[in-house]
Structure formats: structure tokens, C-alpha cells
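Scroll down for the structure; my scribbles are underneath it.
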Amino acid sequence: MTSSPLSHLNAAGEAHMVDVSGKTATTREAIAAGSLAMSATTLEAVEGGNAPKGDVLATARIAGIMAAKQTANLVPLCHPLPISSVTVEIEADRTLPGYRIQARVKTKAETGVEMEALTAVSIAALTLYDMTKALEKSMTIGDIRLLHKTGGKSGDYEYVERHSDSSRM
């Protein structure tokens, strides 16, 4: 069998962890975003501090940070990385209505932190859902995507809108 264009597949087509030992450690950064859509009533309850489980936004922010640090334990072929910075921002968006979530992860390593940023957004959204599900179970998590990455052999990346999504972070 010939070699695969996918780095996580070997020549036989089997999944494996990519060997990054020959790469140079460089500064890398990734930014991911997503959203949690909910009713205006639920958003107002959270914004008013009336969520049944307490400080919803602080808990979701911490959950996102913790998730970024645990990505290699959650995604089978990810490398454990020395993460130097994780920030998770959660902003109310009344036009959604709901919350926009953005995570920024930095490292100096042989491989990038895209999966860590995406994991941070995903877990922050799941935590928001968990902490507000007593108010509403029909909330929708969505639009999770990589917005930006720097560093590495593949170079920089910027998300390009494919359809009208101007209300996103």
C-alpha cells in the first residue's frame, strides 16, 4: 500500500500517533469558537444570576481551560503538550440568543494546539448546557470551528466564512 496523505494513517492505512520527534519546537497558537443557543428567557435568567447551579459562566470557563489541558486523554492520537496559555471567553449574544464561546491556546512544541482549542470550546459549551438544563433542555450547541492557527509546517490558517455567519465572534 502507498503512503497516506493523512498523517494519522500509516502506509498500511492503520491509525497511529504521528512521530513529531524530528520537528522543531516552535511557538504555536490556535483560536476556536462555538455557540450555545437558548431561549431569551434562559439567557436572561443566566445573565441575571438566577441559574439554579450558581456562577454558570465562571464554571464553564474553568471547565474549558481544564479540558484543553486534558485533550491528549480525550482524543486518542493527540500528543500531550506543554500548554503555556489557555483563555476561554464567553459572551452573551441576545441576537442568538445565547452565548458565543472562544478559546485561545498557546504552546511552544513540535505540534499544534488546534485540538486543545476545539476541546476547550466544546467542553465550555457542554458545561453551560449542563448548568442551565434545569431551565431549558432544548438548547443547541453549534458552530464549533477553528478560527485561526499559527506555527508549524502547514503554516498559518484563518477561517473563511462559507455562508452568512456575520453574527459569530
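Some observations on this one:
- Bridging of K133 to lysines at a Cα separation below 27 Å is possible for K53, K69, once same-chain residues fewer than 8 apart are set aside.
- The magnitude of the dipole of the chain, with charges of +1 and -1 set on the Cβ of Lys/Arg and Asp/Glu and taken from the Cα centre, is near 220 debye.
- Most mobile of E110, E14, E158 in a GNM of the chain (Cα contacts under 10 Å): E14
- The packing ranking of peptides 23-36, 132-145, highest mean first, is 23-36, 132-145, where packing means the average number of other beta carbon atoms within 10 angstrom of each residue.
- Those aspartates and glutamates that a straight Cα-Cα span of less than 18 Å connects to K23, excepting residues fewer than 8 apart in one chain: E110, E114, D156
- At q = 0.12, 0.18, 0.20 Å⁻¹ the log10 of I(q)/I(0) for the chain amounts to -0.60, -1.08, -1.23, computed by Debye summation with a single uniform scatterer per C-alpha, solvent ignored.
- Crossing angle, helix 114-132 versus the chain [Cα axis fit, 0-90 degrees, rounded to tens]: 20 degrees
- Among Y157, Y99, Y129: highest mean-square fluctuation, GNM of the chain, C-alpha pairs under 10 Å: Y157
- The Kirkwood hydrodynamic radius of the range 31-114, based on inverse pair distances between different Cα atoms, is 14.2 Å.
- Rolling a 1.4 Å probe over the heavy atoms of the protein chains gives the range 9-115 an accessible area of 50 Å² per residue.
- Between the amide H of Y159 and those of H148, distances stay under 5 Å, these residues lying 5 or more places away or on another chain, with hydrogens modeled in the peptide plane.
- Rg in Å to one decimal, and Dmax rounded to a whole Å, for the range 44-84 via C-alpha atoms: 14.6, 41
- Within the straight-line cut-off of under 16 Å between alpha carbons, the lysines reachable from K149 are K106, K108, sequence neighbours fewer than 8 places apart in one chain being disregarded.
- Summing +1 for each Lys or Arg and -1 for each Asp or Glu among the other residues whose beta-carbon sits under 10 angstrom from that of S84 gives +2.
- Loop-located trypsin sites (Lys or Arg not before Pro) in the range 37-113 (DSSP state other than H, G, I, E, B) with a sparse environment of at most 11 neighbouring Cβ atoms within 10 Å: R94.
- When the chain is treated as a GNM with alpha-carbon contacts under 10 Å, the residue of A124, A15, A58 showing the greatest mean-square fluctuation is A15.
The values are calculated or read from the model by the stated rules, or taken from the named source; none is laboratory data. These numbers come from a predicted model, not from an experiment. Don't worry about glycine lacking a Cβ; one is built from the backbone with ideal geometry, like all the others, and counts go over all protein chains shown. The protein model used for the area step is the full one, side chains on, heavy atoms only, and it has no ligands, DNA or RNA in it. Shrake-Rupley method; radii C 1.70, N 1.55, O 1.52, S 1.80 Å.
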